[in-house]
Amino acid sequence: MAQSCLTVVIDDLYKMLPLWRSVKQTPLVLGSMGIGKSETMKSESRLYSKSIGRRFVEWNRTSIKDKEALAIGSDLVKEVHVYCDLRTSQLEPSDLIGLPVPTGQRTVWSPPDFFAYASQEGASATLFLDEINLGTRSVQNACYQLILDRQIGAISLADDVHVVAAGNRAEDGAYVTPFADPLISRMRIVELAKPSADDWVNHNGDEPRIGGWFSPHPNSSINGLITGFLKAYPQMIHTHKKDRSEMMFADHRAWSSLSKLLSNLDTFIPKGSNSALSLIHKLASAEVGAAVALTLEGFRNTMISVDLDELFAHPEKICEYENKGNIDILYATFAGIATRVRDEGIDKTSGKPKGKDMAGLQKILTPALEVASFLKTKEYKIFCTRMVRDIVSSQIFNAACVSNETFRNKIARDIGNILQCDFSLDAPSVK
């Protein structure tokens, strides 16, 4: 029988993690695969690093030279906050506790390089024990002292080292090793609920509390097609079922991966070509499964069928789509508008606005926001404006809105109040 624990949403987790850090308690976050457990831990560590004025360093991406400098106690120790991700499922006990090394007539315990760093005065770090319940019982036993006493062998962790953990669930098909009660009593255990499509659209994996999925730099953004699709079909965000007939399934990790592929597609294949359209479907099938990919293809066909030139020339025509109540077409149109703004208003290489004093960006922003101003439903108006804002970044969007008096006066009457609204308001979705 599965044992239950408190279920929290991602916003709760971001509030709880700093509190656990402040009292040196180890949280264990359980949840389905691909819902953002690892990203959340790294993001909280990055934000903490910023709050204490230290440079954020990922141990697993650090050079051997820098690791040696940190392990032996260079000046670098007090300049950085280190995030170390240990995949417990891949560890042996010695990877945590180290090995004895002969020295003359005795042996000296030699810790792994990260723990050599993390035990020094002035060290600051987040130690993330990922997949902890996929590790062997002997590895879990090695975690007992680390989690409760903040020690590994005879080595004590520095005061500003926080130990956190995450694990998967047996009901999702993971081959978990049940926790012994002594280890359970050493952790504060919660289960992370699957984020909704709105949660995922509004939170970015690297900086979830700062911005949304969109970014002015194409290589780090979730593109408009996927964002619009998930708003129209929120049930497609996570399609994993244990008894599914199709091997692949959609989850947050798969959507993020597909977005990166689509963002890079233009580099290899001419945009809009038949080969590009065919490849998009195949890439989506490989990432999120054929059934979801087929629905995405239909949504994309709807998006590219909308005559945006005609709509920008006669923005009042958006009311025709709204009056028909076809949510699929509306969200596809919003996705198309946001994509056009990015393509024509933002330089793909630098991520900066095109034109002197943002003239190029303002030229395409004006008709885009005029379309939004004609929408009657508040939720649609907010979402369309928000998509445009987020795809160029809030900072650039706000600067473009206020830097040109003509532009500002033309748009402000209808959009000005909207910009002060909560952009996370839910909009209707396709059932």
- Query: So if we plug the beta-carbon distance of Asp347 and Glu191 into 1/(1 + (r/R0)^6) with R0 = 45 Å, what FRET efficiency do we get, rounded to 0.05?
  - Reply: 0.55
- Item | Angstrom value of the Kirkwood radius, inverse mean 1/r, which spans all Cα pairs in segment 337-378 | 10.8 Å
- Task: Would you calculate the separation in nanometres between label points at Thr136 and Lys378, each defined as 7 Å from the Cα along the Cα-to-beta-carbon direction?
- Result: 6.0 nm
- Counting sequence-distant residues (5 or more places) and residues on other chains, those with an amide H built under 5 Å from that of Val161 are Ala125
- Query: Fully extended, how many nm does the chain gain between Asp307 and Ala359 (0.36 nm per residue separation, minus their Cα-Cα distance)?
  - Reply: 16.4 nm
- Message: So if I take the centroid of the Cα atoms in segment 305-321 and the same for segment 379-393, what is the distance between those two points in Å?
- Response: 17 Å
- Identify all aspartates and glutamates with a Cα-Cα distance to Lys42 below 17 Å; exclude those on the same chain that are fewer than 8 residues away in sequence. Asp11, Asp12, Glu58, Asp85, Asp130, Glu131, Asp160, Asp206, Glu207
- Message: Let's test the formula: R0 of 45 Å, r as the Cβ-Cβ distance of Lys242 and Gln105. What FRET efficiency results, to the nearest 0.05?
- Response: 0.20
- Query: Contour minus end-to-end for Lys50 and Ser156, with contour as 0.36 nm per residue of separation and end-to-end as the Cα-Cα distance?
  - Reply: 35.7 nm
- Message: Over the Cα atoms of segment 6-194, each weighted equally, I'd like the Debye log10 I(q)/I(0) at q = 0.14, 0.16 Å⁻¹, rounded to two decimals.
- Response: -0.77, -1.01
- Residues whose built amide H sits under 5 Å from the amide H of Glu191, excluding neighbours closer than 5 in sequence, are Leu6, Thr7, Val8, Leu30
- Message: Can you give me the long-range amide H partners of Ile346? Hydrogens built in the peptide plane at 1.01 Å from N, cutoff under 5 Å, separation of 5 or more residues or another chain.
- Response: Lys354
- Message: Can you work out the Karplus-derived ³J(HN,Hα) for every residue in segment 128-137? Use 6.51 cos²θ - 1.76 cosθ + 1.60 with θ = phi - 60°, whole Hz, and x for glycine or proline.
- Response: 9, 8, 7, 6, 4, 8, 9, x, 6, 4
- Task: Calculate one ³J(HN,Hα) per residue across segment 321-330 by plugging θ = phi - 60° into the Karplus curve 6.51 cos²θ - 1.76 cosθ + 1.60, and present them in order as whole Hz with x for glycine and proline.
- Result: 5, 5, 5, 6, x, 8, 5, 4, 5, 4
- Taking the Cα-to-Cβ direction at Val23 and at Leu265 and moving 7 Å from each Cα, how far apart do the two end points lie in nm? 4.9 nm
- Message: On a full-extension model of 0.36 nm per residue, what is the gain between Tyr175 and Asn398, subtracting their alpha-carbon distance, rounded to one decimal in nm?
- Response: 75.4 nm
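None of the figures in this text is laboratory data; all of them are computed from the coordinates on show. Fair warning: this is a prediction, and the values are worked out from it, not measured in the lab. When we count neighbours, we look across all protein chains shown, and the Cβ atoms used for this are built from the backbone with ideal geometry, even at glycine.
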